[in-house]
Structures are given as structure tokens and as C-alpha cells.
Amino acid sequence: MNRLQGKTAVITGATAGIGMSTAIQMADSGVDLYLTGRREEKLNQLKEDLESRYGVSVTPAAFDIQDSDACVKFVDSIDKPVDILVNNAGMAKGTDPVYSASFDDWNTMIDTNIKGLLYLSRLISAQMKERNAGHIINVGSIAGHESYPGGVVYTATKHAVKAITEATKKDLHGTKVRVSMVSPGLVETEFSEVRFSGDKEKAGSVYKGMQPLVAQDIAEIILFIANRPDHVNIMDTIVFPVDQSSSTMVHRDE
Ligand code: 8X3
């Protein structure tokens, strides 16, 4: 049963990976979309493609969610109620240990994965609370449940996403607003290329000899979470490829 037809969703980080796949699947379910990302051309392309294929309305908004003023401007520009906010934008930068990692990488991850997610949650949850309706879905990670070497700040940001999801649910306790998260393990997207600053060989080695998840696997779960009846709030879902059993336990064929 499709309960999403005619709804409106905001999806951050929609230019690639899980965000883009969620946008495609939501459009296929008849959801009007506001898509954010830094790459305007990709957003415009997605608008053209989704509007012609699915007949939904798609509004691209190219800005960086690290910029709180840009977040305010974006939310002010939305002229209808937002039913679903998918806080997907986020990234890992670098795998250096705490004693040698780059401040810039740390700031980018903290400002995007935590502060950007908070800005949009703050701005959009206010109108959801007022309407007593809506659903915030945060994209977390297995890195929000386990920390691992080389991920001191990335895992910290994803632990923060878990804390923010739970506290947001509690702040909205007593309302009909739903708050959920999904916690993927290894998903083959641009994620590893960004983590390794464009080094395709290093990025490829993350998925070598194993079958990772693909963006669509996670997008389908986001759609499932969003499509539950109004009284059902899925708090979290940890999703691994079958070849992975923890952040650091990955089975690889020789
Ligand atoms: C991405 C998954 O396992 O690289 O959040 O932390 S992992």
C-alpha cells in the first residue's frame, strides 16, 4: 500500500548515492520533492528526469548545509508543508588517527554531518510540530553504533546522529511527528571516494572481494520506514551486507 502519494519530502545530499536513490524511489511513489546538494547541475538533471518520468514536482536547491543562513533561506523558500525530511547529507573525510588527522576534515564532517543535520531538523521540525504531523528520517551509520580506528571524528558524528535522533523523538514526544534513522554498513557509493579524497584505487579496495550494499538497498528501507502507518515509528535499522558482521569484520573472497 502506497501511503506516500501526494506527500512532500525534503532530501538533503540528493546529488548521489543514497540521497539520489531515495529521491528516485520517492518520486516513483508520487512524492513531490525538494532536493538539496552542492552540485546544481546534478540537481537540475534530476529535476528534469524525475518530473518527466513520474509527473511529480521537483525543486532543486543548491547550497551547502554547513551554511546556517543558506539553510534558513532554503526553508523560508518552501511554500508548502513538509511531510518528510530525509537528513541524508554527510560524509567521511580521511582515515587518519586522532594524533595526525586534519582539522579541516574534522570541521567539514562536524559541520555537515552534525550541524547541517541539526539546522534542517530545527527549521523543519518547528512546522511539523505546529501541524502535529511529519516524519524526520536521519541517515546514520553502523559508525553510530561502533567506533573504529581511523574514524575518530566520523564515528563521533554518527554517534551524534543517533543521539540527535533519539533526543528529537523525545523533544517531540506527545506529538504525531515521527523520528527515525537508518544505520547502514558498507554501501558502495561515492562515499569511499570522498573519504579517500578521490583516490579510486583506495576507495575500490574497501569493497574488494566482498559484495557491498548499493544505494537502492538503503533507499528501499527509507521508503519502508516512511510508508508505515501513522502510528508506527521505526527508531533505527542496522543494515549490513551479508559479508559484513561489524564495522571491522568483513569477509572477503581471496
Ligand atoms: C559508512 C559505513 O562502515 O564505513 O557509514 O562506517 S562504515
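The values are calculated or read from the model by the stated rules, or taken from the named source; none is laboratory data. In this text, all values refer to a predicted model and were calculated from it rather than measured experimentally. Counting neighbours? That spans all protein chains shown, and the Cβs are built from the backbone with ideal geometry, glycine included. Surface areas here come from the heavy atoms of the whole protein model, side chains and all, with no ligands, DNA or RNA. Shrake-Rupley method; radii C 1.70, N 1.55, O 1.52, S 1.80 Å.
Residues of region 169-202 being surrounded by fewer than 22 Cβ atoms within 10 Å (Cβ to Cβ), under 19 Å from Ile238 (Cα atoms) and away from the ligand (no atom under 16 Å from the Cβ), which ones?
Lys169
Identify, by number, the condition in (1) within 28 Å of Val153 (Cα to Cα); (2) over 14 Å from the mean Cα position of the chain (by Cα) that Gly17 doesn't meet.
(2)
Name the residues in region 203-216 that are within 13 Å of the ligand (Cβ to nearest atom) and without any contact (Cβ under 8 Å) to a residue 40 or more places away in the chain, would you?
Passing the criteria: Ala203, Ser205, Val206, Tyr207, Pro212, Leu213.
Of these, Asp105, Asp83, Asp67, which one is open to solvent by 70 Å² or more (accessible area, probe 1.4 Å) and at negative phi?
That would be Asp67, the only listed residue that is open to solvent by 70 Å² or more (accessible area, probe 1.4 Å) and at negative phi.
List every residue pair whose Cβ atoms sit under 6 Å apart, with the two residues 6 or more apart in sequence or on different chains, where the first one lies in region 14-33 and is under 19 Å from Ala62 (Cβ atoms) and open to solvent by less than 20 Å² (accessible area, probe 1.4 Å) and the second, anywhere, is in a helix (DSSP H, G or I) and charged (D, E, K, R).
Close Cβ pairs satisfying both conditions: Thr15/Lys42.
Are any residues in region 127-168 farther than 30 Å from Thr95 by Cβ and open to solvent by 20 Å² or more (accessible area, probe 1.4 Å), and if so, which ones?
The answer is Gln127, Lys129, Glu130, Arg131, Asn132, Ala133.
Can you find even one residue in region 38-60 that is assigned to a helix (DSSP H, G or I), among the β-branched types (Val, Ile, Thr), touching a helix residue (DSSP H, G or I) at 6+ places or on another chain (Cβ under 9 Å) and surrounded by 15 or more Cβ atoms within 10 Å (Cβ to Cβ)?
No: zero hits.
Would you pick out the residues in region 132-157 that are within 14 Å of Thr237 (Cβ to Cβ) and near the ligand (Cβ under 10 Å from one of its atoms)?
Across region 132-157, the qualifying residues are Val139, Gly140, Ser141, Ile142, Gly144, His145.
Please enumerate the residues belonging to region 72-107 that are farther than 27 Å from Lys176 by Cβ and among the hydrophobic types (A, V, I, L, M, F, W, C).
Those that are farther than 27 Å from Lys176 by Cβ and among the hydrophobic types (A, V, I, L, M, F, W, C): Met91, Ala92, Val98, Ala101, Phe103, Trp106.
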